[in-house]
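Colleague: Please find one structure pasted underneath; my questions will follow.
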Amino acid sequence: DTAVSQTPKYLVTQMGNDKSIKCEQNLGHDTMYWYKQDSKKFLKIMFSYNNKELIINETVPNRFSPKSPDKAHLNLHINSLELGDSAVYFCASSQGGTGDTYEQYFGPGTRLTVT
Amino acid sequence: GENVEQHPSTLSVQEGDSAVIKCTYSDSASNYFPWYKQELGKRPQLIIDIRSNVGEKKDQRIAVTLNKTAKHFSLHITETQPEDSAVYFCRDNDMRFGAGTRLTVKP
């Protein structure tokens, strides 16, 4: 009965490759997010979708492209991976949209290592 | 950019002491102020939150206070225990997190 799940949990790949991370939530939430957590533990928001519509798109290289096939899924595709992309990527979900006053539920994270 | 500033970045206390972490926000329209705890290798999880219609909220050893005039809110942990050791984050209405505070509770 996992609320927010991500796959894979670990991802090791070489520079220049393309990879995807999948996220699914079974909470019936309207909004989903992607965060990047670097080695200094800073949690930076990347994207947010509300009912499959992009509502937050931070300054992120366009090599990163989110895709939301339905409101329960938000996948992250990364092209031409670089060393600096190495981080833990967290998916999260919540009720509501921007100016959200609801709790966010986080997935377990995907540790991406680019060599 | 960062809309919420969090201090201190690291905090070390002796078991049983109190710990206070403070966040300052910029958007005066903000009305919800959550705190998250992230243990090593785990996901961030909500530990307490407060809405702008109250000034303080308490849950056992954890409390959050809000000063809307000064635009800051603080997390207070009393009678700290080693299992309180973690990174704590505040967050603003725009879903942006503070830089985090690494709390270490020494037994």
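The values are calculated or read from the model by the stated rules, or taken from the named source; none is laboratory data. Computed from a predicted model, the values in this text were never measured in an experiment. Don't worry about glycine lacking a Cβ; one is built from the backbone with ideal geometry, like all the others, and counts go over all protein chains shown. For the accessible areas, the whole protein counts, side chains as well, though only heavy atoms, and no ligand, DNA or RNA atoms are used. Shrake-Rupley method; radii C 1.70, N 1.55, O 1.52, S 1.80 Å.
Colleague: Consider B:Thr69 carefully, then state whether it is among the polar types (S, T, N, Q) and within 11 Å of another protein chain (Cβ to nearest Cβ).
Modeller: For B:Thr69, the condition - among the polar types (S, T, N, Q) and within 11 Å of another protein chain (Cβ to nearest Cβ) - is not met.
Colleague: Could you grab me the full set of residues in the range A:3-58 that are at pLDDT 95 or above, of a type in the set (Gly, Ala, Ser) and within 23 Å of A:Gln95 (Cβ to Cβ)?
Modeller: A:Ser5
Colleague: Of all the strands (runs of 3 or more DSSP E) wholly in the range A:54-112, which have at least 1 residues that are open to solvent by less than 40 Å² (accessible area, probe 1.4 Å) and within 11 Å of chain B (Cβ to nearest Cβ)? Reasoning before the result, please.
Modeller: Working: elements: A:64-70, A:73-78, A:87-94.
The qualifying strands (runs of 3 or more DSSP E) are A:87-94.
Colleague: Is there any pair with a first residue in the range A:75-88 that is touching a residue at least 24 places away in the same chain (Cβ under 8 Å) and a second that is among the polar types (S, T, N, Q) and open to solvent by 60 Å² or more (accessible area, probe 1.4 Å) whose Cβ atoms are under 7 Å apart and which are 6 or more apart or on different chains, and what are they?
Modeller: Close Cβ pairs (under 7 Å, with a partner that is among the polar types (S, T, N, Q) and open to solvent by 60 Å² or more (accessible area, probe 1.4 Å)) amount to A:Leu81/A:Asn17.
Colleague: Ok, one more. Please determine whether any residue of the range B:48-64 is touching a helix residue (DSSP H, G or I) at 6+ places or on another chain (Cβ under 9 Å) and under 19 Å from B:Met95 (Cα atoms).
Modeller: Checked against the condition, which is being touching a helix residue (DSSP H, G or I) at 6+ places or on another chain (Cβ under 9 Å) and under 19 Å from B:Met95 (Cα atoms), the range B:48-64 yields no hits at all.
Colleague: If I ask for residues that are assigned to a strand (DSSP E or B), within 15 Å of A:Leu43 (Cβ to Cβ) and at the interface with chain A (Cβ under 9 Å from one of its Cβ atoms), which ones from the range B:36-53 would you list?
Modeller: Hits for the range B:36-53 are B:Tyr36, B:Gln38, B:Gln45, B:Leu46.
Colleague: Residue pairs, Cβ under 6 Å, 6 or more apart or interchain, first in the range A:1-17 and assigned to a strand (DSSP E or B), second open to solvent by 80 Å² or more (accessible area, probe 1.4 Å). List them.
Modeller: A:Val4/A:Tyr105; A:Ser5/A:Glu24; A:Thr7/A:Lys22; A:Tyr10/A:Arg111
Colleague: Give the number of residues within the range B:66-84 that are open to solvent by 40 Å² or more (accessible area, probe 1.4 Å) and at negative phi. Full working, then the answer.
Modeller: Here is the first cut: in the range B:66-84, the residues open to solvent by 40 Å² or more (accessible area, probe 1.4 Å) are B:67-72, B:76, B:78-79, B:81-83.
Those left that are additionally at negative phi: B:67-70, B:72, B:76, B:78, B:81-83.
Qualifying residue count for the region: 10.
Colleague: Next question, about the same structure. Taking only pairs six or more apart or across chains, which ones have beta-carbon atoms under 9 Å, a first residue in the range B:90-107 that is on the phi > 0 side of the Ramachandran plot, and a second residue that is in a loop (DSSP other than H, G, I, E, B)?
Modeller: B:Met95/A:Thr98; B:Met95/A:Asp100; B:Met95/A:Gln104; B:Gly100/A:Lys40; B:Gly100/A:Lys41; B:Gly100/A:Phe42; B:Gly100/B:Ser9
Colleague: Those residues that are within 14 Å of another protein chain (Cβ to nearest Cβ), outside any strand (DSSP E or B) and surrounded by fewer than 21 Cβ atoms within 10 Å (Cβ to Cβ), I need them from the range B:97-107; list them, please. Steps first, answer last, please.
Modeller: So the first thing to find is which residues in the range B:97-107 are within 14 Å of another protein chain (Cβ to nearest Cβ), and the list is B:97-104.
Next cut, outside any strand (DSSP E or B) only: B:98-100.
Within the range B:97-107, just B:Ala99 meets the criteria.
Colleague: Can B:Ser30 be described as among the small types (Gly, Ala, Ser), open to solvent by less than 60 Å² (accessible area, probe 1.4 Å), more than 10 Å from chain A (Cβ to nearest Cβ) and in contact (Cβ under 8 Å) with a residue 24 or more places away in the chain?
Modeller: Against the criterion (among the small types (Gly, Ala, Ser), open to solvent by less than 60 Å² (accessible area, probe 1.4 Å), more than 10 Å from chain A (Cβ to nearest Cβ) and in contact (Cβ under 8 Å) with a residue 24 or more places away in the chain), B:Ser30 does not qualify.
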